[in-house]
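The next block holds one structure in the form of structure tokens; read it before the comments.
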Amino acid sequence: MAKIEEVKRLVAEGLSDREIARTLHCRRTKVREIRELELEEAVAAFAAEAMVGAEPAWAAAVTWPPILDEIGRGFEIKRVWEERVAPGTSYANFWKYLSRRYPWLITDTVTLREFAPGSQLEVDWAGDKIPWWDERGRRHEAHVFVAVLCHSQLIYARAYANEQKSQWLDAHEKSFAFLGGCPRVVAPDNLKTGVLKAHRYDPDLNPAYMELARHYGVAVVPARVKRPKDKALVENAVGLVGRLLRWMYRNHRFRSLSEVNEALSAVIERLNTRVHTRFKISRRERFVRDEQRALRALPEYPFEEIDWREARVHPDCTIAIESAFYSVPHLHRGKKVRVKLTARQVEVFLGLERLALHARERSRKGVRVIDPAHLPPQALAYREATPQNLLSQARFLAPSLHTLLDELFKEDALGHIRRAQGFIRTARSEIHRYGRLVSEPRIALAVEQMRRFDRRRVSFFVEQLAKLRSRPKDDAAEREITRLPNNPMLRGSSAEAAQACNTNPPA
């Protein structure tokens, strides 16, 4: 008890929990419990003291339980006052009464920051999702993107089905279009669709996000990790949008994502047009008066979503991207390259050098987009090590397969390398599993079928081998039945009977 009293005394002196625990050699959790108990006792005593005095007439006429319940559920105090108490008293009186009688409901104040017009836009995803139900009754969640222009605090919000990269980029485009211009700096969080690796001084941005910033001429300055005050305005706006949406549509059930966006449009319109407590004018008026002309003009052309991939140049001088093959100069075979995909074209880079540019193929049917200048001469390609290596493997596996590959390479040495590799892999697997004596005739028959139907494809080759494996063996004519003499299982036990059975086998 003496130590508890000493803790209470040090708490009253204003020492921190860490200092008290170090001084008295006790746990900080115990110090915190005593501090909270002291606070609860003080609050209860203050509330009891406040209840002794006479209440205002408007407070006596108010039904407090639903008000306290709604404030405790996180609804904005001003919204509760507007709907339930506004006819009886002013918001200032309501706030003073709450702070005197229910002080635990009042949040702390924050330090305000000042921004130059058009200087910064803070963006973030809202933590709370908005549920909606489709026509089959299935529940979905809408992810809300929120952006705040820092000087005027103009708010923009839009709902998306997920938080993937394409949605993140589209949300920025829509927010710039909503503002009618571009700020100088965009301050996001350290999410992976925006920042690959967080760093205080030199973060690694997502390549697609960097392309968007370059297109709109903005600088991306991510907030520090676990420092929400670096983007306090958008954090506050997320709360404003969420609380007002839940309040305005607390008895409504959303049926589609578009309906959620319509509700968000009504919410941000109400937030942007009401009078700001500090500015004494609305966010929209402050934006039009001070900030709209300070924004940079939008680019002439809209942003095209860019996707970056990595690929390795195959010996046939192509890279495989989305079931299509694009040629690269043959000098770079075997190297790892970066591929830039846009809606209409494919660019291949090695470092900062662009190696190839092709029109994008979207059929996903294995189309080969080839620039003849990228390929070596056919005579040289036929004598290179890779085709010759494949031919030597085919010669070892099956002569018929070697002949087929030789014909293919004479047609197009590089164009048939992938197909030749598939033939050899399939033939080697067949021989390894069933043996050379059984598999080599099957391979020869399968090659013959490919020639007959002019379908020199690996899938057809695999199909023919499977059919040949399932074919029943027709070797009854070559089978010879030999029975041992004096076999006890034969009818009769004499050697003559056994010889007769061997001479005249039953039908």
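What follows is calculated from the coordinates using simple rules that are stated; it is not laboratory data. Here the structure is a predicted model, which means the values were calculated and not measured. Glycine gets a Cβ as well: all are built from the backbone with ideal geometry, and neighbour counts include every protein chain shown.
Before moving on, here are some points about what is shown:
- Fewest-first ranking of Phe453, Phe461, Phe325, using other Cβ atoms within 10 Å as the exposure measure: Phe453, Phe325, Phe461
- Dipole size of the chain about its Cα centre, with +1 on Lys/Arg Cβ and -1 on Asp/Glu Cβ: approximately 700 debye, rounded to the nearest 20.
- Under 16 Å of direct C-alpha separation, and excluding same-chain neighbours fewer than eight residues apart, Lys96 reaches these lysines: Lys78.
- Positive end of the dipole of the chain (Cβ unit charges, origin at the Cα centre): among His358, His172, Ala198, the Cα lying farthest that way belongs to His358.
- For region 307-375, the Kirkwood estimate of the hydrodynamic radius, built from every pair of different alpha carbons, is 11.7 Å.
- Evaluated over the chain, the Cα radius of gyration and Dmax, each in Å: 39.2, 131
- Summing charges over neighbours of Glu135, with a neighbour being any other residue whose Cβ is under 15 Å away from its Cβ, gives +3 when K and R count +1 and D and E count -1.
- Straight-line cross-link partners of Lys365 among the lysines, defined as a Cα under 23 Å from its Cα and at least 8 positions apart when in the same chain: Lys340.
- Using the rule -39500 (n - 2.57) for each DSSP H run of four or more residues, divided by the residues of the chain, the 222 nm mean residue ellipticity is -13500 deg cm²/dmol.
- Of the Cα atoms belonging to region 120-294, the radius of gyration and Dmax stand at 16.3, 49 Å.
- Judged by the gyration tensor of its Cα atoms, with axes a ≥ b ≥ c, region 362-434 is oblate; a/c meets the 1.5 cut and b/c is at least as large as a/b.
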